[in-house]
Amino acid sequence: DVKVTQSSRYLVKRTGEKVFLECVQDMDHENMFWYRQDPGLGLRLIYFSYDVKMKEKGDIPEGYSVSREKKERFSLILESASTNQTSMYLCASSRPQGTEAFFGQGTRLTVV
Amino acid sequence: AQTVTQSQPEMSVQEAETVTLSCTYDTSENNYYLFWYKQPPSRQMILVIRQEAYKQQNATENRFSVNFQKAAKSFSLKISDSQLGDTAMYFCAFIPNNTDKLIFGTGTRLQVFP
């Protein structure tokens, strides 16, 4: 059974904290994604990685960074959390060439 | 910019009836991939159906089918014989041919009533 695992389902952090969201996939996928999901805005791409140590900015990269040191793991980093980063964060992975993406369960992050 | 537009924020349908969700997209490319994903209240996003733009035949998966109109850049999802378990957010998504970036629309919340 294929799996994308996000380290937390719920997270509460304080303003200004450095926050790490971890995502691990067990399918040997080349591509990994971080999205932010907000009501009425759908899924917005934060960062995309197509290989180890390779990344591309998505539509809303400001305030975020990513790390992919190993193929199976893709980390999203909030350098200094702010209240406007309170959201649902979804990780996904896929093979190249327009194949199906598999998603994690999501992390609901609240910044107070 | 390549975008996906879902103009129906919410829809409802009675059990056993048919419903169509709309999606349009914007691209200048000739080859790309289109998807419908479903996100039930459990939050787990799953693939409903996939279409390759160079294939003229509309994709079908059991009760789910698409109406792919390439010239109009339209990709609607038809759900036949709606079931209570179809209640979910439905997202239209798109991958341009020259990248693997998966771009989503804003979603349509579908409620199936008994």
From a point 7 Å beyond the Cα of A:SER7 in the direction of its Cβ, which residues of the range A:77-112 have a backbone N at a distance under 12 Å?
A:77-78
At 25 °C and 0.890 mPa s, grab the translational diffusion coefficient of the range B:3-113 from Stokes-Einstein with a Kirkwood Rh over Cα pairs, rounded to a whole number in µm² per second.
175 µm²/s
Of all lysine pairs in chain B that are eight or more residues apart or on different chains, those with Cα atoms under 18 Å apart total 4
If I compute solvent accessible area with a 1.4 Å probe over the protein chains, what percent of it on chain B is carbon and sulfur?
45 percent
What does the accessible area per residue of the range B:3-113 come to in Å², with a 1.4 Å probe and no ligands, DNA or RNA counted?
47 Å²
Two decimals is fine: what's Rg over Rh for chain A, C-alpha atoms, Kirkwood radius as Rh?
0.94
May I ask for the Rg/Rh ratio of the range A:46-107, computed from Cα atoms with Rh as the Kirkwood radius, given to two decimals?
0.96
Computed ³J(HN,Hα) along the range B:92-109: with the Karplus parameters 6.51/-1.76/1.60, θ = phi - 60°, integer Hz and x for glycine or proline, the list is 8, 9, 8, 10, x, 6, 8, 7, 10, 5, 9, 10, 10, x, 7, x, 10, 8
Using θ = phi - 60° and the Karplus curve 6.51 cos²θ - 1.76 cosθ + 1.60, what whole-Hz ³J(HN,Hα) does each residue of the range A:12-20 get, with Gly and Pro shown as x?
10, 10, 8, 3, x, 6, 8, 10, 10
Note: the protein assembly as shown at 4 °C, 1.567 mPa s; Kirkwood Rh on alpha carbon pairs; Stokes-Einstein D in µm²/s works out to 72 µm²/s
Of A:GLU30, A:GLU22, A:GLU72, the one that fluctuates the most in a GNM where chain A has Cα springs shorter than 10 Å:
A:GLU30
Dipole axis of chain B (+1 Lys, Arg; -1 Asp, Glu on Cβ), positive-most option in B:ASN67, B:THR20, B:GLN56
B:GLN56
Computed over the range A:13-54, the distribution of all Cα-Cα distances in 5 Å bins, rounded to whole %, is 5, 16, 20, 21, 20, 12, 5, 0
Cβ under 12 Å from B:PHE68's Cβ, B:PHE68 left aside: what net charge do those residues give with Lys, Arg +1 and Asp, Glu -1?
+4
Compute the length gained on full extension between A:ARG108 and A:ARG95: take 0.36 nm times their separation in residues and subtract their Cα-Cα distance, giving the result in nm to one decimal.
2.1 nm
Net charge contributed by nearby residues that have their C-beta within less than 13 Å of A:MET88 (K/R +1, D/E -1)
+4
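The values are calculated or read from the model by the stated rules, or taken from the named source; none is laboratory data. Predicted, not measured: the structure shown is a model, and the values here were computed from it. Positions of Cβ are backbone-derived with ideal geometry, glycine not excepted, and every protein chain shown enters the neighbour counts. What goes into the accessible areas is simple: the full protein's heavy atoms, side chains included, and nothing from ligands, DNA or RNA. Shrake-Rupley method; radii C 1.70, N 1.55, O 1.52, S 1.80 Å.
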